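Okay, structure first, notes after.
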Number of protein chains: 2
Amino acid sequence: MTELKNDRFLRALLRQPVDRTPIWMMRQAGRYLPEYRATRKQAGSFLDLCKNAELACEVTLQPLRRYPMDAAILFSDILTVPDALGLGLYFEEGEGPRFRKTVRSEADLAGLNDIVAEDDLGYVMSAVRTIRRELNGDVPLIGFSGSPWTLATYMVEGGGSKDFARVKAMAYDKPELMHRLLTLLADAVADYLSAQIRAGAQAVQIFDTWGGSLSAAGYREFSLPYMQRVISRLPSEAEGRAVPVIVFTKGGGQWLSAIAGCGAQAVGIDWTTDIGLARQLIGGTVALQGNMDPSMLFASPARIREEVATILAAYGHGSGHVFNLGHGITPGVDPDHVTAFVEAVQELSPRYHQAGG
Amino acid sequence: MTELKNDRFLRALLRQPVDRTPIWMMRQAGRYLPEYRATRKQAGSFLDLCKNAELACEVTLQPLRRYPMDAAILFSDILTVPDALGLGLYFEEGEGPRFRKTVRSEADLAGLNDIVAEDDLGYVMSAVRTIRRELNGDVPLIGFSGSPWTLATYMVEGGGSKDFARVKAMAYDKPELMHRLLTLLADAVADYLSAQIRAGAQAVQIFDTWGGSLSAAGYREFSLPYMQRVISRLPSEAEGRAVPVIVFTKGGGQWLSAIAGCGAQAVGIDWTTDIGLARQLIGGTVALQGNMDPSMLFASPARIREEVATILAAYGHGSGHVFNLGHGITPGVDPDHVTAFVEAVQELSPRYHQAGG
């Protein structure tokens, strides 16, 4: 494998000294970029784009051509695993993801495919290998998956949901069935992320997009332990380097102490959390990733720069911070505002990493 | 005025001893009830229903005929104030609230009507008076309004929003304009709630439905101080009794200490907060209202009862807790499950209020 030219992101995740705070953006390969929209049109459907290694590689690299990001993230969807399990993922224009089948009973659970990620999600591994080749060691590549609970919400509901009525009724009324589904998903996600790591992913992020919909007790029962199970099954090294894991529970700001104990090297925080308080609470044991409000990118470049300064100051001196948004970038953002965002992090962060700082 | 026969709710808000934990439900007069849907059809539009004092009274009382709730809540909408300010509120079926005009500039702000709630929102005061007469002292009546920030989100966006791009861009880029809008709204809301209290509301709740969309710093700048301004302008007594104020910021669980200092007697908490921890943190200064996950009502009556027991135990002994959901009841809930919920609170809570407990 080619030597990694910029390892700032990996070093910050391990809380090792860096020259400046690394940055990438959740959903950086996405609809706010005109070149993404063009490739997406060329590919056909969103899923066609995910399943075409060359085009998935192309959109993964697009934001890196515009912005000096410190990491690339695999272009894919969080729902590839349930799709491989046999649920039939599709996207209705403007409606979000849907499944042709749902999982609501013992029989539905028994009817899921046995999968081996290496084969059944081979298209993802092809994309990872293609991207690694094209990146040529410029920056590390992040692999990812949805968390077991987040995958379960879509599998039980059959798509997105406002109130998670069905999946919560199942969790509350048939906890044993829910725990069996979550165990199956944790093992599938662990196999999937392990395969991504073997194919070349140098860090992985678990997107627990809907963990924050649970009660405090529900989160500790249905989401966190299954992310812990995933993490415990991942190889801790590849290519002679540690492979850090980032856990991101949107809306999980009240549960940071518990999250910090799940085995991940880094915890993603959304913009509702004060990053200075988060560092006080858990910064001694994990790195933090985040957390500018994605809607701040609708403000002026000057205001964006001010906000970056505020977040950097709130985190303070030393390593252990990966700059990011507090959630995926919103379609409709002006790409020039992203330039201002990335430049601000590059220009304002070095002072927080000076020797003795 | 008639003597109040059941003041458990008011006493709990003031952390005075009670025989059992009082209960009511946010949106208890709502679509899950077939009799509500029938009256709604009879009224015409949702707004017609709000503006008809007799029918608004009828739907306010409907849940009390089914369930022994400890409070009634005025049937109205959180957006009546911006409507009176001249924005033209309307509802698209299945789309939520919309405004014909928006507020995005100095000129828009200058074009808002000067209002006096007593006159310009007279239909709300008629409803309050009618309901008080019909309640005949059985339980207290809660008045309410949206918070200044929450009203501003709808006024700037022109309706609901997923990412609050416009209102946040305005807050971030034109903070002075935003602060003028919020000041105007705080004064209008204070006038509106004061008029409700004069008309007969015995407690008031400020619904800060979208405060939780802000960053920690944004919340302290754009939402909390304006609720504080509202509260400071309300009469603290009416009919010889204290009129308690409840503040409910959905998604505000990380900011409870700050919220507890805003002048309200009670703080509403959503289901993502551990009510035991919340009591440890702020229970010495304010009452707590909440916080069962509304989706728990889709589970079985036995499971609902278990959850009520868990929440009561987490809060522990003594007064200062008003049982409620952590958010409005979801349309589609079986009304019999609400029976199980209310009965569980009635039957399981007295042990937490015994002398010496």
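Indicate the helices, whole DSSP H runs only, in chain B that combine a mean Kyte-Doolittle hydropathy of -1.0 or more with a Cα extent along their long axis of 30 angstrom or more.
What comes out of the filter, once short or polar helices are dropped, is B:175-199.
If each residue of separation counts as 0.36 nm, what is the full-extension length gain between residue A:173 and residue A:217 once their alpha-carbon separation is subtracted?
This chain segment gains 14.3 nm when fully extended.
Could you work out the local net charge near residue A:40, counting Lys and Arg as +1, Asp and Glu as -1, over the other residues with Cβ closer than 15 Å to its Cβ?
Summing Lys/Arg as +1 and Asp/Glu as -1 gives -1.
Could you work out the local net charge near residue A:250, counting Lys and Arg as +1, Asp and Glu as -1, over the other residues with Cβ closer than 14 Å to its Cβ?
With Lys, Arg at +1 and Asp, Glu at -1, the neighbours total -2.
Per DSSP H run of at least 4 residues, take -39500 (n - 2.57); add these up for chain A, divide by its residues and hand me the 222 nm value, nearest 500 deg cm²/dmol.
Rounded to the nearest 500, the figure is -13000 deg cm²/dmol.
Once the Cα atoms of the protein assembly as shown are picked out, what are the Rg and Dmax in Å?
My reading of the Cα-based Rg and Dmax gives 26.2, 83 Å.
If you bin the C-alpha pair distances of region B:139-244 every 10 Å from 0, what whole percents do you get?
Pair shares across the bins are 15, 46, 26, 12, 1.
Using label points projected 7 Å from each Cα along Cα→Cβ, tell me how many nm separate residue A:92 and residue A:339, to one decimal.
Label at residue A:92, label at residue A:339, 4.0 nm between them.
Return the whole-Å distance between the Cα centroid of region A:160-195 and the Cα centroid of region A:104-147.
If we compute the Cα centre of each part, the gap is 18 Å.
Given an 8 Å cut-off on Cα distances and at least 6 residues of separation, report the relative contact order of chain B as a percent.
22 percent
Points 7 angstrom from Cα along the Cβ direction at residue B:313 and residue A:285: gap in nanometres?
Going from the residue B:313 label point to the residue A:285 one covers 2.5 nm.
Cα to Cα, under 26 Å, and not fewer than 8 places away if on the same chain: which lysines meet these conditions relative to residue B:162?
By straight Cα distance, residue B:162 reaches A:41, A:162, A:168, A:250, B:101, B:174, B:250.
Between residue A:110 and residue A:46, what length comes free when the chain is fully extended (0.36 nm per residue of separation minus the Cα-Cα distance, one decimal in nm)?
Going from the current span to full extension adds 20.2 nm.
Could you calculate, for region B:26-169, the ratio of the Cα radius of gyration to the Kirkwood radius, expressed as Rg to Rh?
Using only Cα positions, Rg/Rh for region B:26-169 is 1.00.
Taking every eigenvalue of the Cα gyration tensor of region A:216-357, multiplying by 5 and rooting it, what semi-axes result, largest first, whole Å?
Sorted largest first and rounded, they come to 27, 18, 15 Å.
What order do you get for A:309-319, B:75-85 when each peptide is scored by the mean count of other beta carbon atoms within 10 Å, highest first?
B:75-85, A:309-319
Take peptide A:272-278, look around each residue's Cβ out to 10 angstrom, count Cβ atoms belonging to other protein chains, and average those counts.
Details: counts 13, 3, 6, 2, 1, 2, 2.
Mean partner-chain Cβ count within 10 Å for A:272-278: 4.
Principal axis extents for region A:279-357, Cα atoms only, whole Å, descending order, please.
Between the extreme Cα coordinates on each principal axis of region A:279-357 lie 38, 22, 14 Å.
Out of the DSSP beta bridges found with both residues in region B:8-353, what percent are antiparallel (nearest 5)?
Antiparallel bridges make up about 25 percent of those DSSP assigns within region B:8-353.
If the convex hull of the alpha-carbon atoms of region A:8-353 is projected onto planes in all directions, what is the mean projected area in square nanometres?
That works out to 15.5 nm², a quarter of the Cα hull's surface.
Can you give me the distance in nm between label points at residue A:16 and residue A:3, each placed 7 Å from the Cα along the Cα-to-Cβ direction?
Modelled inter-label distance: 1.4 nm.
The numbers here are math on the coordinates, done by the rules we state, and not lab data. Note that the structure is predicted; figures quoted are calculated from it, not measured. Cβ coordinates were reconstructed from backbone atoms using ideal geometry, including for glycine residues, and neighbour counts include every protein chain displayed.
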